[in-house]
1. Among residues belonging to region B:15-27 that are open to solvent by 50 Å² or more (accessible area, probe 1.4 Å) and not hydrophobic (A, V, I, L, M, F, W, C), point out the one that is farthest from the chain's Cα centre (by Cα).
2. Within region A:379-402, count every residue that is surrounded by fewer than 24 Cβ atoms within 10 Å (Cβ to Cβ) and either touching a Pro at 6+ places or on another chain (Cβ under 8 Å) or assigned to a strand (DSSP E or B) (or both).
3. Conditions first: (1) farther than 29 Å from A:Gln311 by Cβ; (2) modelled with pLDDT of 95 or more. A:Tyr166 passes all but one, so which condition is the exception?
4. Under 8 Å between Cβ atoms, at least 6 apart or on separate chains: pull out the pairs that start in region B:322-340 with a residue that is in contact (Cβ under 8 Å) with a residue 60 or more places away in the chain and within 12 Å of B:Ala5 (Cα to Cα) and end on any residue that is of a type in the set (Ser, Thr, Tyr) and open to solvent by 20 Å² or more (accessible area, probe 1.4 Å).
5. Can you spot a residue in region A:54-71 that is open to solvent by 10 Å² or more (accessible area, probe 1.4 Å) and within 27 Å of A:Glu326 (Cα to Cα)?
6. Out of the residues in region B:257-285 that are aliphatic (A, V, I, L, M) and open to solvent by less than 40 Å² (accessible area, probe 1.4 Å), which is nearest to B:Val235 (Cα to Cα)?
7. Take the residues in region B:268-286 that are small (Gly, Ala, Ser) and in contact (Cβ under 8 Å) with a residue 40 or more places away in the chain, then tell me which one is farthest from B:Gly194 (Cα to Cα).
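The values are calculated or read from the model by the stated rules, or taken from the named source; none is laboratory data. Not measured: the values here are computed from a predicted model. All Cβ positions, even for glycine, are placed from backbone atoms using ideal geometry, and neighbour counts span all protein chains on display. The protein model used for the area step is the full one, side chains on, heavy atoms only, and it has no ligands, DNA or RNA in it. Shrake-Rupley method; radii C 1.70, N 1.55, O 1.52, S 1.80 Å.
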Protein chains: 2
Amino acid sequence: MTSHAESMIREVMASEAYRTAVATLTAEHERTVQNIITLTQIEAPSFQEATRAKAWREMAEAHGLKDLQIDAEGNVTGLRPGVGNGPLICVAAHLDTVFPAGTDLTVRREGTKLYAPGVGDDTRSLAVLLAWLRAMDAANIQTRANILFVADVGEEGPGDLRGMRYLFQKGPYKDRISAFITVDSPDMEHIATGGVGSKRYRVTFEGPGGHSYGAFGLVNPMFAMADAITRLGAVKVPTSPKTTYSASVTGGGTSINSIPNSVWTDFDLRSEEPSELDRLETGFLDIIARSVAAENAIRSTRNGPITTNIQKTGDRPAGQTDPSQELVQLAHTAIAAHGFQPRFESSSTDANIPMSLGIPAIKIGSGGTGGRAHSLDEWLDVAPEPSIRGMAAGLATLLALAGVV
Amino acid sequence: MTSHAESMIREVMASEAYRTAVATLTAEHERTVQNIITLTQIEAPSFQEATRAKAWREMAEAHGLKDLQIDAEGNVTGLRPGVGNGPLICVAAHLDTVFPAGTDLTVRREGTKLYAPGVGDDTRSLAVLLAWLRAMDAANIQTRANILFVADVGEEGPGDLRGMRYLFQKGPYKDRISAFITVDSPDMEHIATGGVGSKRYRVTFEGPGGHSYGAFGLVNPMFAMADAITRLGAVKVPTSPKTTYSASVTGGGTSINSIPNSVWTDFDLRSEEPSELDRLETGFLDIIARSVAAENAIRSTRNGPITTNIQKTGDRPAGQTDPSQELVQLAHTAIAAHGFQPRFESSSTDANIPMSLGIPAIKIGSGGTGGRAHSLDEWLDVAPEPSIRGMAAGLATLLALAGVV
């Protein structure tokens, strides 16, 4: 890392303000844990984040944020003003989880471990933003930059980053944010500097259907779909920039003795590099067209041909933040200085949107340890020492970036 | 048709007994319609026929059948004894429908049309057997043959002909029935003399699963399954004996961003000719094995290979009743003599089991007109004239076969 970043982080960590802030994180650790539990138990599937958003706003109200509000998309935003004329930087955590309404979200606490769906991804981070605010307030920290704190909607699959799209492309802070940190999941050792782009499709193959015996010889949408999946499976993609595809979920048909009227598959296409993703998408759509044409040529269309309904269900832009960016240097240095072994990765997070717009953006972890994200047995260990050390590393990054005055 | 069959049918139709019987069918037509409505509204999915079986037995009790009982498989059987030393012939209709428990079976009557799931397939036939019994009783008809009346279970898909398997291969009438007629659905113009054999499979393809991006390169059961379906779609089958296949219903996978752990498809293989069906089945199972091996060769098995769970869900034997058989000749002649244009077909019905055992067997219609079988908007027209004419044709067949004394 650059000596510039190292000296900035050293300066922050040596300051009385930072020590007071970390002492506050330590003193208030159990309050942070209670916030995690409270927020985890408020369900927040993508598109149904409103109750949790309201709860987070109420918790944030004690911290004197300016313009604390819920925007038109559902994000909670609140500004911690700088001393004047500074840039606007943004730190965010996402409100939504992958768990549908009705999932049992009761947190089970065993020693220092909390078990509940969504507890680590990304509810802990929502509580960590509040802990940082309290720590900064307790240490009377003032910054050069204005810091926008955001609890955002729509990070998980179907949300398709709608919260970030609104923040960066439509809302009142559009075109004003100069650097972005999303705090997502406990893991401190992976810093995402690459945003994997994805295109998602549900392709429904439709045909006339008919009796499996009596109407044999008619086109069968299952054959068109299988041919498309088979052709996709033969596509060669580069390992760098990493580019991938999957046929993930499928369904359709009515009974064993019927040629189906309709079958569908969900496809996931991804790449670190926008041009590779576009190439893959073009090839994929061409495959669908060829497979349908082949089935309509091989079997009879006398009762009607195979047609498709191609529904784009996700479109996350790819992007990169160059490792030479100050934001990346500061995060890497701060995290290493707190005893972790950071490395860079590409992933698909809220940071994809600013990255795709050329705004320096990274994902960092919220601290603690956890596992089984996206499963019902998700867990989070809040043992104080590593939990606070992780929070301190993130706070040092934020303070160095914002500039303590 | 042979002059022998023609003279037998002519003799039956000219008899006072037959005229009295048809007059009874006519006089009691509304009662038959009421029986159709009552039975239709008792749900009877395959494997859950007991309530309807009990209701049919109670209706049959008035008709002095001997040994009226529900056998160990759930079939209702009752004997109308002949005059002594005659053969045993059997006439049957099936109790079960394709509609799951909880389906709204309320019959909507509009003019002469009845709308309800299962009304024509095969509930009307259950009422027609009762109408024949009443007509024979009213005309004091005695026969040389003993006639076994059967309301049987398990004709539809998943039932896999379990009622007939028990009757012909295990129950008290095993090895005693010399001719078999199943009355199935309204259509009078198709006489089934061929029993299409079928083999049905649910094939589940399983693998290690994983993240669609992070674990890209691992084997994906969707690719193995698609390859198998594609290979099946390229199989050439003869048009005579008619041989068919279908990939009919599919499902599996958990989320758009996961390589699935498990996906499945239901396959239907059929042929008029047992050796062709065996050939198709062998080829199909070979395809499954090749597709799995190909996927395990193309992609990484480091977290585990693709495996399959191959479940045989149906196995209906093929069979034929030679058109020269007296049973076929009598049915064709009687149906033609009642103003219909009969032709022979192959289909998959209760008659498959006796056909496969070399016992002369056919499927005939129950009369009236109907449509949309196996759909929620199934309908049956009970306009008296064609309805009674159809019943009379079937009864003439039965009386000629049984021999009126």
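1. Quick first cut of region B:15-27, residues open to solvent by 50 Å² or more (accessible area, probe 1.4 Å) only: B:16, B:19, B:23, B:26-27.
Right, trim to not hydrophobic (A, V, I, L, M, F, W, C) and you get B:16, B:19, B:26.
Details: B:Glu16: 34, B:Arg19: 31, B:Thr26: 28 Å.
Once the filter is applied, the top-ranked residue is B:Glu16.
2. Number of matching residues: 2.
3. Failed condition: (1).
4. Note: pairs meeting the criteria are B:Gln329/B:Thr2.
5. First, pick out the residues of region A:54-71 that are open to solvent by 10 Å² or more (accessible area, probe 1.4 Å): A:54-55, A:57-59, A:61-71.
Then keep just the ones that are within 27 Å of A:Glu326 (Cα to Cα); that gives A:65-66.
For region A:54-71, residues open to solvent by 10 Å² or more (accessible area, probe 1.4 Å) and within 27 Å of A:Glu326 (Cα to Cα): present.
6. Going residue by residue through region B:257-285, those that are aliphatic (A, V, I, L, M) are B:259, B:263, B:269, B:277, B:280, B:285.
From the residues that got through so far, the ones that are open to solvent by less than 40 Å² (accessible area, probe 1.4 Å) too are B:259, B:263, B:269, B:277, B:280.
Working: B:Ile259: 29, B:Val263: 22, B:Leu269: 12, B:Leu277: 13, B:Leu280: 9 Å.
Checked region B:257-285; the qualifying residue nearest to B:Val235 (Cα to Cα) is B:Leu280.
7. Step one: list which residues in region B:268-286 are small (Gly, Ala, Ser), which gives B:271, B:275, B:283.
When the remaining residues are screened for being in contact (Cβ under 8 Å) with a residue 40 or more places away in the chain, the result is B:271, B:283.
Details: B:Ser271: 10, B:Gly283: 24 Å.
Restricting to residues being small (Gly, Ala, Ser) and in contact (Cβ under 8 Å) with a residue 40 or more places away in the chain, the top hit is B:Gly283.
The rows are residues; the columns are (1) over 30 Å from A:Ala351 (Cα atoms); (2) surrounded by 20 or more Cβ atoms within 10 Å (Cβ to Cβ); (3) not hydrophobic (A, V, I, L, M, F, W, C).
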| residue | (1), (2), (3) |
| --- | --- |
| A:Ser178 | no, no, yes |
| A:Thr182 | no, yes, yes |
| A:Arg202 | no, no, yes |
| A:Tyr213 | yes, yes, yes |
| A:Lys242 | no, no, yes |
| A:Val249 | no, yes, no |
